[in-house]
Every structure is written in structure tokens, then in C-alpha cells.
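The next block holds one structure in the form of C-alpha cells; read it before the comments.
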């Protein structure tokens, strides 16, 4: 069950994909932001091409856990994608994913000049991995209590 992870940004959209077992996320690509409709078409086509079972879209929230301005844009993108494909689309908290992506790029030794493009797909991987970890069959929170 492969899952696509999306980090929608102002200029670029980072895309990650899980392995077939839905355990590990990896960067896939970055696409340029064009418009909500065009972005949704490209994401839907990619999701169908990759035969994913779900699309996860990062949604930024404020300190109260409510979607902020960019989080509301993510919700609108999700709605547009839902209108184009039967693949389920889910919003997922993306808090701190960009900061984690920056820290990861530094740890990997990516030169500062080259980091920006890579950050989008790294952030998408972080968002998707967070989702996968939370929904893992080994996650104690998902187990039934007697």
C-alpha cells in the first residue's frame, strides 16, 4: 500500500512516496507551483501513475491546532484533488517539517546553495513518515485495550 506525501509550498510542492509496505517514506520529486487546479491535476496523475492507495497533504496549523492561512490553502488543494481522483486524500499536521528538513539537509552535508529545492521533498518525506509512524501496525496507540 504505497502512499503519496505532499508538502505544498508557495513556490514548490515537495512530493514523497512510501515503500509498498507503507513503512518508509522517501523523497520522490518537486514540482513547481502553478495554480491550485494545475497542481491538483499533476498530483492526481502522479498518484495514479504510482498506484498509491492514499494521498497525504501537509497542513500547517496555528498554536491552537487550527489551520492557518497556508493550512487553509492545503485544504483547498485537497478538495481539488478529491474532485479529480477516487484515491482518498487526507490532511496531516505538518508542524515543524520545514525546520526538520533544514536540520536534516545540514546533517547530510547538503551545501547551503543546494538546500532549497531538496528541502521541499525532504519536508514531504518528514510529513509522510510522521503519518506512517502514527498509523503503523506496531503503534501501541492503534492497539485495542482489553
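A short reminder: the numbers here are calculations on the coordinates, not readings from a lab. These numbers were taken from a predicted model, which means no experiment stands behind them. FYI the Cβ positions are ideal-geometry reconstructions off the backbone, even for glycines, and counts take in every protein chain you see.
Each 10 Å bin from zero up to the one holding the largest Cα-Cα distance in segment 1-88 carries the following percent of pairs: 18, 52, 28, 3. Take 9-19, 124-134 and order them by the average number of nearby Cβ atoms within 10 Å per residue, most first; the result is 124-134, 9-19.
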